[in-house]
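> First, the structure itself, so that you have it in front of you.
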Amino acid sequence: MNAGWIIPFIIIGGALQSCGAAMNGQLNKYVVNPWLASAVSFALITLFFLGASLIMPHPLPTREQLAQMPWWAVVGGLVGAVQVYAGLTLVNKVGAGPFVGFTVTAALVTSLLVDHFGWFRMQPHALNPGRIIGGLLLVGGIGLIAKF
């Protein structure tokens with residue numbers, strides 16, 4: 001991917017996440033069973049990426065790379081499933097704005113900790129006053145969105 005598209009792609013992904021939460025809320029409304037609705041959502045994701053990997057099958061990991069992979073690396077999708085399930089079952093109760101606001105705020109505050117402590121083999125980025133103030137502004141912002 002061209003480096004000039006990185007930030008716009010991330011922004012588009014964030015915008016689509018808001019749409020996805022609302023779409024998943026409707027999926028759950030009509031499928032009725034949140035576990036089945038989650039399975040439908042993930043089945044489409046799985047089929048999409050299986051198709052993409054068939055179209056572009058390279059590169060493939062080596063045995064050495066797979067042997068060096070931490071055990072928790074494969075759990076990322078399951079962790080993401082918690083967010084999908086929350087969207088399916090809760091977005092209609094609180095609204096898309098507060099739902100995404102809480103999601104983004106919780107994700108950013110947690111990301112600051114992941115960066116600071118270098119969790120999950122991330123390169124450490126120390127907390128500093130600017131990062132702390134930015135996190136606090138997000139927390140304050142979601143408080144306002146949820147209240148009004």
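Read-outs throughout are calculated quantities, based only on the coordinates presented, and are distinct from any laboratory measurement. This structure is a prediction, so every number in the text was calculated from the model and none was measured. When we count neighbours, we look across all protein chains shown, and the Cβ atoms used for this are built from the backbone with ideal geometry, even at glycine.
> For the stretch 114-148 and the stretch 6-23, what is the separation of their Cα centres, given in Å?
Using only Cα atoms to place each centre, the spacing works out to 19 Å.
> Place +1 on the Cβ of every Lys and Arg and -1 on the Cβ of every Asp and Glu in the chain, take the dipole about the Cα centre, and give the residue among 52, 5, 141 whose Cα lies farthest towards its positive end.
Farthest along the dipole direction, towards plus: 141.
> While we're here: Treat each spin label as a single point 7 Å out from the Cα along the C-beta direction, and report the residue 128 to residue 94 distance in nm.
Output for this residue pair reads 3.2 nm.
> In nm², what is the average projected area of the convex hull enclosing the Cα atoms of the chain?
Taking a quarter of the hull surface, the average projection is 11.4 nm².
> Also, quick follow-up: Along the three principal axes, how long is the stretch 82-143 when you take its alpha carbons, biggest first, rounded to the nearest angstrom?
Principal extents (largest minus smallest coordinate, Cα): 37, 26, 8 Å.
> With the crude spin-label approximation of a point 7 Å out along Cα→Cβ, what separation in nm comes out for residue 83 versus residue 44?
1.7
> Assign unit charges at the C-beta atoms only (+1 for Lys and Arg, -1 for Asp and Glu), then state the dipole size of the stretch 27-148 relative to its Cα centre in Debye, rounded to the nearest 20. Each step should come with its number before you reach the end.
Working: 6 positive and 2 negative charges, 49 e Å.
That gives the stretch 27-148 a dipole magnitude of about 240 debye.
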